[in-house]
Amino acid sequence: VRIGIVGGGQLGRMLGLAGVPLGMRLTVLDPAPDAPAAAVADHIVAEYEDEAALEELARASDIVTYECENVPVDAARSLARSVPVHPPPNALAASQDRLVEKAAFERAGIPVGAYAPAENEDEVRGALERVGVPAVVKARRFGYDGKGQAMVRSVEEVAPAWRAVARPAIVEARVPFDRELSILGVRAAGGELRCYPLVENRHRDGILRRSVSPAPRVTVDLQAQAERHLRRVADDLEYVGVLAIELFEVDGGLLGNEMAPRVHNSGHWTIEGSQTSQFENHLRAVAGLPLGSTAPRGVAAMLNLIGTVPDADQILAVPGAHLHLYGKSPRRGRKLGHVTLVADDHGDLQARIERVAALVH
Ligand code: AMP
């Protein structure tokens with residue numbers, strides 16, 4: 001099977017690493033000449049909007065998928081006229097606009113925190129009256145990893161927050177969450193769905209730093225609640241592939257934060273920590289192959305390598321550690337790789353996390 005991927009970052013690279021053993025031939029479309037996925041796939045160097053490049057990708061592929069949600073929806077729709085595209089472009093559209101995304105969650109019966117749209121500074125003020133302070137002003141489109149966001153703790157902070165965002169936004173009440181979780185699942189074209197265990201995530205400055213899965217202290221009910229949420233969204237969108245939903249746990253309940261219509265950073269642990277990685281399962285789903293088991297192998301943690309890469313010798317000396325480097329040049333705030341740790345229980349895992357964290361920071 002020939003798989004085309006729009007986007008050639010680290011997610012494309014890990015999809016490639018999962019696709020090669022399945023005998024898949026991969027082609028990525030990415031404007032960066034040094035795209036991380038180019039190490040494992042044919043590479044068309046062009047912008048996502050480039051018509052000729054999209055046609056070339058369609059010709060080189062039996063199925064097209066994407067690894068980045070900032071792919072223009074029009075590009076995905078135009079590809080879909082000549083080649084099957086999974087997940088559906090509608091899922092891409094829903095994830096690109098925080099307002100549409102929130103509406104999709106509500107339609108699927110997923111509770112969300114208070115929010116209101118705002119197109120200008122005055123509307124931010126109006127929105128604050130509805131959602132209260134503290135609040136977070138977030139650009140509706142093209143915000144990720146905490147970019148295009150500003151916290152508002154009082155009305156005095158509205159003006160600077162609007163200057164920082166300065167485009168159509170939503171204003172969200174700051175959720176006093178107990179912790180952040182994510183649920184990842186893979187849906188086949190026929191509707192079969194398999195979910196991974198809930199992942200506990202820690203962010204700093206809006207960027208994911210650390211994930212642990214299965215998340216500790218998760219009841220059967222909480223896992224079932226998360227899976228129900230994911231199923232509703234995936235079924236509504238007639239989704240095919242891996243879908244991730246980021247959640248806030250508040251008083252034992254779950255609120256939807258955002259979704260990603262693709263493999264997700266909080267699922268990287270599945271490479272070593274699950275029977276079937278999210279990357280392999282995504283490819284199986286889009287290619288119409290049977291889905292693999294999403295059962296965990298022991299417990300796992302993932303630590304992102306942001307801005308700098310630690311010494312490989314020291315990382316790999318930690319029992320159960322695996323190093324994944326993306327081949328990117330170091331830059332402040334850039335995800336350069338990750339370390340996965342596997343262990344038999346959370347006690348051992350925690351000790352290993354502390355060893356790696358000391359090397360990473
Ligand atoms: P996002 O880009 O929406 O995923 O936001 C990045 C991170 O900022 C989240 O993972 C949270 O840690 C934090 N955050 C975002 N929105 C809220 C909110 N409404 N309440 C509290 N924390 C938030």
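Screening Glu246, Glu272 for residues that are in contact (Cβ under 8 Å) with a residue 60 or more places away in the chain and touching a helix residue (DSSP H, G or I) at 6+ places or on another chain (Cβ under 9 Å) leaves exactly one candidate, Glu246. Selection within the range 135-162: residues that are touching a strand residue (DSSP E or B) at 6+ places or on another chain (Cβ under 7 Å) and at positive phi. The member of this set that is farthest from the ligand (Cβ to nearest atom) is Gly148.
Applying the selection to the range 76-98, what residues are of a type in the set (D, E, K, R) and part of a helix (DSSP H, G or I)? Arg77, Arg98 - these are the residues of the range 76-98 that are of a type in the set (D, E, K, R) and part of a helix (DSSP H, G or I). Exactly one residue out of Glu106, Glu101 is within 16 Å of the ligand (Cβ to nearest atom), assigned to a helix (DSSP H, G or I) and surrounded by 15 or more Cβ atoms within 10 Å (Cβ to Cβ): that is Glu101.
Here's the yes/no breakdown for (1) of a type in the set (Val, Ile, Thr); (2) in a loop (DSSP other than H, G, I, E, B); (3) modelled with pLDDT under 95:
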position: Ile5; (1), (2), (3): yes, no, no
position: Leu17; (1), (2), (3): no, no, no
position: Thr27; (1), (2), (3): yes, no, no
position: His43; (1), (2), (3): no, no, no
position: Leu54; (1), (2), (3): no, no, no
position: Leu57; (1), (2), (3): no, no, no
position: Asn70; (1), (2), (3): no, yes, yes
position: Asp74; (1), (2), (3): no, no, yes
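Just wondering, is there one or more residues in the range 163-173 that are surrounded by 14 or more Cβ atoms within 10 Å (Cβ to Cβ), closer than 24 Å to Ala234 by Cβ and within 12 Å of the ligand (Cβ to nearest atom)? Yes, the range 163-173 has at least one match. Applying the condition of being away from the ligand (no atom under 16 Å from the Cβ) and part of a helix (DSSP H, G or I) to the range 235-270 and asking which residue is surrounded by the fewest Cβ atoms within 10 Å (Cβ to Cβ) yields Asp235.
Sub-7 Å Cβ pairs linking a first residue in the range 165-188 that is closer than 12 Å to Leu247 by Cα to a second residue that is assigned to a loop (DSSP other than H, G, I, E, B) and near the ligand (Cβ under 10 Å from one of its atoms), at least 6 apart or interchain, are Val175/Gly113, ordered by first then second residue. Among the residues of the range 271-306, those identified as of a type in the set (Ser, Thr, Tyr) and part of a loop (DSSP other than H, G, I, E, B) are Thr276, Ser277, Ser293, Thr294.
Within the range 59-68, being modelled with pLDDT of 95 or more and either outside any helix (DSSP H, G or I) or in contact with a strand residue (DSSP E or B) (Cβ under 8 Å, 6 or more places away or on another chain) (or both) holds for Ala60, Ser61, Asp62, Ile63, Val64, Thr65, Tyr66, Glu67. The strands (runs of 3 or more DSSP E) found entirely in the range 178-223 that carry 1 or more residues being more than 14 Å from Thr294 (Cα to Cα) and within 15 Å of the ligand (Cβ to nearest atom) are 179-187, 199-204, 207-213.
When Leu208, Leu222 are screened for being in contact (Cβ under 8 Å) with a residue 24 or more places away in the chain, surrounded by 20 or more Cβ atoms within 10 Å (Cβ to Cβ), among the hydrophobic types (A, V, I, L, M, F, W, C) and out of contact with any His (no Cβ under 7 Å at 6 or more places or on another chain), only Leu208 passes.
Give me the residue from the range 307-320 that is in a helix (DSSP H, G or I) and touching a Leu at 6+ places or on another chain (Cβ under 9 Å) and, out of that set, farthest from Val83 (Cα to Cα). The residue in question is Gln314. All told, Leu283 falls short of being buried (at least 24 other Cβ atoms within 10 Å of the Cβ) and either in contact with a His (Cβ under 7 Å, 6 or more places away or on another chain) or within 19 Å of Glu106 (Cα to Cα) (or both). When each of Gly347, Gly327 is tested for being surrounded by fewer than 18 Cβ atoms within 10 Å (Cβ to Cβ) and touching a residue at least 12 places away in the same chain (Cβ under 8 Å), the lone residue that passes is Gly327. Can you confirm whether Leu57 is in contact (Cβ under 8 Å) with a residue 24 or more places away in the chain and surrounded by 22 or more Cβ atoms within 10 Å (Cβ to Cβ)? Judged against the criteria, Leu57 is a match.
The values are calculated or read from the model by the stated rules, or taken from the named source; none is laboratory data. Owing to the predicted nature of the structure, the values given are computational and were not obtained by experimental measurement. Every residue, glycine as well, gets a Cβ built from its backbone with ideal geometry; the counts of neighbours run over all protein chains shown.
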